[in-house]
Amino acid sequence: MFSKLFGGKKADNPAESETFEAEVNATVAEPEPAQDRERTGFGSAFFDRMKQAVTRTRESFSSRLEGVLALTRTVDESALEDLESALLTSDLGLPTTTAILEQLRDRALRKDIAGGEELRSLLKEQIRAILEAPRKPIAEPAAPPKVIFLVGVNGTGKTTTSGKLAAWNRNLNKTVLLCAADTFRAAAIEQLEVWASRSGVEMIKTKHGGDPAAVLYDAVSAAKARGIDVLVVDTAGRLHTKTGLMDELEKMRRTAKRLIPEAPHEVLLVMDATTGQNGLQQARLFTEASGVTGIVLTKLDGTAKGGIAVAIARELNLPVRYVGVGEKIGDLLEFDPEAFVDSLLGD
C-alpha cells in the first residue's frame, strides 16, 4: 500500500523521461512581474491569491460554520458541538479541534461569548495563534550561499517546488543555483532542467543513478565560488521507512556541513495538502528523521482540506513556510497566518 500511495514512478521506466518536458511546459508559465507577486507586506494582490487558494476549503467549511454562527445567540455546549463538526470537515484533525474547543469552552465559562460574530472572532484568534506559535525568524547565513534542502515523499511536487522556489528568490533579486540531487527517480533531472530554464537559473547535475552527495558537493562548491545567494537542493523522494535513502540524506547533510558548517540552513518538507490527515502522519514520522525546519504545502488550491495547515503547526510544531496555489511558476506564496485565517473565515 505504501509503495502504491507514495512510491512515485519507477526509476527504470524508459518512457518517463520522454514525457516530462512536455508535461512541465504545458503547465509552466513565465514568472509574473514583481509588482504582481507581492510578498512581505501582503497587499491586496497577495490576499486575493490566498483567498482564491482556499476557496474549496472555505466553501466546505463555511456552509457548516455559517449555520452555527447565524443561529448562535449565546454560545452553549450545543453550539460548540456544531462548531466541532465544522472544524473537523476542513481537516484540522481531532487533536487540534479538541484544543480549540477547550479554549473556547474555558472562555465561555469565564465570560459569556455574545453570539456568532464574537465566536468567529475568537475562533480566528485561536487558529492564528496556533499558526504563529512555531514561527521563528529565519536565520540568514553570515556569508552566502544559503543552502535549502527540499525533502519529502514522491508525488508531493518537490521538484516542481524547487523550480518555483528558485523563481521566487530570483524575484527578490537574489542569485540562485539549483542542485539536482534526486538522481534516483527517472527523469527528475530532466524535469528540474526545464524548471531551471524557466526560472532563469543555472543547475548543477550528474547522471541518473549518480551519487547525490557528490553532486551536492559540486553544487555547494560552485555556489561558494560564484557568490550565489541561494542554493536550492532537490533531493530524492523517500519514506521514513527507507533506511538506505534516509542514510543517504544524512550523508548529504554531512557533505554540506564540510563546506559550510551551518548548512543546510533550511530543510523544507514538501507536503501535498490533498492528502490531509494521511499526509500528516507521514510528515510526523518523516520529520523525526530529517531535521525539518518548515513545511511547503502544495496543491492548497485543489483541496477542501486546507485546515491541515493548522494541524501541521500544532501537531508537528513546524511553521508552514510556503504554499503552492497553482501550476504556474509564480504560484508559490510565502505563508502568512493572518492572511490565511482572514481568507478562510473572513476579515
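The values are calculated or read from the model by the stated rules, or taken from the named source; none is laboratory data. Model, not experiment: these values are computed from the prediction. No Cβ is skipped: glycine too gets one built from the backbone with ideal geometry, and neighbour counts run over all protein chains shown.
May I ask you to say which residue of Ala283, Ala256 is of a type in the set (Gly, Ala, Ser) and more than 15 Å from Lys158 (Cβ to Cβ)?
Values: Ala283 fails: more than 15 Å from Lys158 (Cβ to Cβ).
Just one listed residue meets the conditions, Ala256.
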* **Test: Thr235 is farther than 20 Å from Trp168 by Cα, in contact (Cβ under 8 Å) with a residue 12 or more places away in the chain and among the hydroxyl-bearing types (Ser, Thr, Tyr)** => no
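Looking at Thr206, is it under 20 Å from Thr156 (Cβ atoms), surrounded by 18 or more Cβ atoms within 10 Å (Cβ to Cβ) and of a type in the set (Ser, Thr, Tyr)? Spell out the reasoning first.
Values: under 20 Å from Thr156 (Cβ atoms): no; surrounded by 18 or more Cβ atoms within 10 Å (Cβ to Cβ): yes; of a type in the set (Ser, Thr, Tyr): yes.
Spelling it out, it is not the case that Thr206 is under 20 Å from Thr156 (Cβ atoms), surrounded by 18 or more Cβ atoms within 10 Å (Cβ to Cβ) and of a type in the set (Ser, Thr, Tyr).
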* **helices (runs of 4 or more DSSP H) contained in the stretch 1-110 and holding at least 1 residues modelled with pLDDT of 75 or more and farther than 20 Å from Glu125 by Cα** => 44-53, 55-71, 77-89
* Structure fact -> When restricted to Ser90, Ser121, Ser85, the only residue out of contact with any Lys or Arg (no Cβ under 6 Å at 6 or more places or on another chain), closer than 30 Å to Val292 by Cα and among the hydroxyl-bearing types (Ser, Thr, Tyr) is Ser90
* **Residues located in the stretch 181-212, provided they are closer than 14 Å to Val230 by Cα and under 23 Å from the mean Cα position of the chain (by Cα)** => Ala196, Ser199, Gly200, Val201, Met203
* Take the stretch 152-161 and flag every residue that is modelled with pLDDT of 90 or more and either in contact with a helix residue (DSSP H, G or I) (Cβ under 6 Å, 6 or more places away or on another chain) or not hydroxyl-bearing (Ser, Thr, Tyr) (or both). => Gly157, Lys158, Thr159
* To do: Working only within the stretch 293-305, note down all residues that are of a type in the set (A, V, I, L, M) and surrounded by fewer than 20 Cβ atoms within 10 Å (Cβ to Cβ).
  => Ala304
* Asked: Which residues, taken from the stretch 292-304, are free of Cβ contacts under 8 Å to residues at least 40 places away in the same chain and touching a helix residue (DSSP H, G or I) at 6+ places or on another chain (Cβ under 7 Å)?
  -> Ile295, Leu297
* Taking the stretch 223-252 as the region of interest, how many residues are farther than 18 Å from Lys158 by Cα and either modelled with pLDDT of 90 or more or of a type in the set (Gly, Ala, Ser) (or both)? -> 9
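Every residue, every condition in (1) surrounded by 24 or more Cβ atoms within 10 Å (Cβ to Cβ); (2) touching a strand residue (DSSP E or B) at 6+ places or on another chain (Cβ under 6 Å); (3) more than 22 Å from Leu332 (Cβ to Cβ), yes or no:
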{"position": "Glu140", "(1), (2), (3)": "no, no, no"}
{"position": "Ala143", "(1), (2), (3)": "no, no, yes"}
{"position": "Val176", "(1), (2), (3)": "yes, yes, no"}
{"position": "Arg185", "(1), (2), (3)": "no, no, no"}
{"position": "Val230", "(1), (2), (3)": "yes, yes, no"}
* To do: Hey, could you check the stretch 124-171 for residues that are in contact with an Asp or Glu (Cβ under 9 Å, 6 or more places away or on another chain) and assigned to a strand (DSSP E or B) and say which is nearest to Lys257 (Cα to Cα)?
  => Val147
* **Lone qualifier among Ala304, Ala283, Ala311 - being among the small types (Gly, Ala, Ser) and modelled with pLDDT of 90 or more** => Ala311
* From the residues in the stretch 286-301 that are more than 19 Å from Ile130 (Cα to Cα) and among the hydrophobic types (A, V, I, L, M, F, W, C), which one is modelled with the lowest pLDDT? -> Ala289
